[in-house]
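The structure appears right after this line, and notes come after that.
The values are calculated or read from the model by the stated rules, or taken from the named source; none is laboratory data. Since the model is a prediction, treat every value here as computed from it, not as a measurement. Glycine also receives a Cβ, built like all others from the backbone with ideal geometry; neighbour counts cover every protein chain displayed.
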Amino acid sequence: MPTFTALDGTELAFHAMGEGEPLLCLPGGPMRASAYLGDLGGLSEQRRLIMLDLRGTGASGIPADPATYRCDRQVSDVEALRRHLGRDRVDVLAHSAGGDLALLYAARYPERVRTLTLITARARALGVDFTEEHRREAAALRTAEPWFGPAHDAYEAVWAGTADDADWDTVAPFFYGRWDAVAQAHAAADVAQSNAEAAEVYASPGAFEPAAARAAIAALRAPVLVLAGELDSGPRPRVAAAIAELFPTAEVAVQPGGGHFPWLDDPVGFARTVGTFLTRKSQDAQESRIG
């Protein structure tokens, strides 16, 4: 298991798979071990995936100071990994809550980001959050599903603030485009792969300064892909488009039938969309340097 040392001395681990140019992948959860990303729908056939286990998750060590679980304080971990890889600039991909970490990294180290790919990613760091309205809007698209009734009742408990663990388990189908055996196994692994204590700290007060992050992102020269799932509630496609507008150079892709984990819903389509973006933008960057 490859490891490196963070600035505070915490030993961090990453998983590498595939061949080709490295793609630094930041998991969500928040604070879920990177194993849930799998091979991102076969994207490892096109790129060498560098899957970071955030501090306190997966094979990474537990920090001496739990306050370092806060999102902004993990930016230095991403930079330490870039240095460990020996890359002047890196392609960064982030999923869900990992989007906030990627955004803060791009804001602090814009010259180190070659491309930024945001997969059904949160942008609380930019002041964009996902609301109950968004959740209800996405839920309304699933009324024909056989699991809809009980799942929607459980969602009502979530929105009312009275949900228990069983309710959270019951709403899981809303986060997948297809509630099949693969999705069910993926959802069942969530608790074991997640650090609940760290998740409480991740977005705690002081983690985000949206105005400053927006100003920095507005000057980011790296190409950005914002990928949303048609059926996902965080972000809804229209919210993803609004996030993309905050960047100078960004494009939006909406995966048909995709949920919050789109590489599970259509692996081939997902890998093609992301792989094509990375290949095209990497070539553009190389030609620009040559020119």
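Take the conditions closer than 16 Å to Asn195 by Cβ, in a helix (DSSP H, G or I) and among the hydrophobic types (A, V, I, L, M, F, W, C) and apply them to Ala67. Does it pass? Spelling it out, Ala67 is indeed closer than 16 Å to Asn195 by Cβ, in a helix (DSSP H, G or I) and among the hydrophobic types (A, V, I, L, M, F, W, C). Taken together, Leu93, Leu118 contain a single residue that is closer than 23 Å to Val274 by Cα, surrounded by 15 or more Cβ atoms within 10 Å (Cβ to Cβ) and either among the acidic types (Asp, Glu) or out of contact with any helix residue (DSSP H, G or I) (no Cβ under 6 Å at 6 or more places or on another chain) (or both), which is Leu93. Among the residues here, Leu37 does not qualify as of a type in the set (A, V, I, L, M, F, W, C), crowded, with 17+ Cβ neighbours inside 10 Å and farther than 26 Å from Val268 by Cβ.
Counting only helices (runs of 4 or more DSSP H) wholly contained in segment 189-291, the ones carrying 1 or more residues that are within 25 Å of Ala144 (Cα to Cα) occupy 237-244, 262-265, 267-290. Residue selection: Gly28 fails the criterion of being at pLDDT 95 or above, under 16 Å from Ala199 (Cα atoms), in a helix (DSSP H, G or I) and among the small types (Gly, Ala, Ser). Can you spot a residue in segment 209-228 that is surrounded by fewer than 21 Cβ atoms within 10 Å (Cβ to Cβ), of a type in the set (Gly, Ala, Ser) and under 18 Å from the mean Cα position of the chain (by Cα)? No. Selection of segment 136-173 for residues being closer than 30 Å to Arg214 by Cα and touching a Lys or Arg at 6+ places or on another chain (Cβ under 9 Å) yields Glu137, Ala138, Trp159.
Restricting segment 44-90 to residues that are closer than 14 Å to Ala33 by Cβ and among the β-branched types (Val, Ile, Thr), the residue that is surrounded by the most Cβ atoms within 10 Å (Cβ to Cβ) is Thr57. Pairs are defined by a Cβ separation below 9 Å, a sequence spacing of at least 6 or placement on different chains, a first member in segment 39-60 that is within 18 Å of Leu85 (Cβ to Cβ), and a second member that is in a strand (DSSP E or B) and polar (S, T, N, Q); the pairs so defined are Ala59/Thr3; Ser60/Thr3. Taken over segment 229-264, residues that are closer than 20 Å to Leu23 by Cβ and over 16 Å from the mean Cα position of the chain (by Cα) amount to 4. Restricting attention to segment 84-107, which residues are in contact with a Phe, Trp or Tyr (Cβ under 9 Å, 6 or more places away or on another chain), assigned to a helix (DSSP H, G or I) and under 10 Å from Cys71 (Cα atoms)? Correct list: Asp100, Leu101, Leu104. Met51 meets the conditions (1) more than 30 Å from Thr276 (Cβ to Cβ); (2) assigned to a strand (DSSP E or B); (3) in contact with a Ser or Thr (Cβ under 6 Å, 6 or more places away or on another chain) in every case but one. The failed one is (1).
Can you tell me which of Phe261, Phe247, Phe277, Phe270 is at pLDDT 95 or above, under 17 Å from Leu126 (Cβ atoms), buried (at least 19 other Cβ atoms within 10 Å of the Cβ) and of a type in the set (Phe, Trp, Tyr)? Result of the check over Phe261, Phe247, Phe277, Phe270: Phe247.
Restricting attention to segment 155-188, the residues that are part of a helix (DSSP H, G or I) and either within 24 Å of the chain's Cα centre (by Cα) or among the acidic types (Asp, Glu) (or both) total 21.
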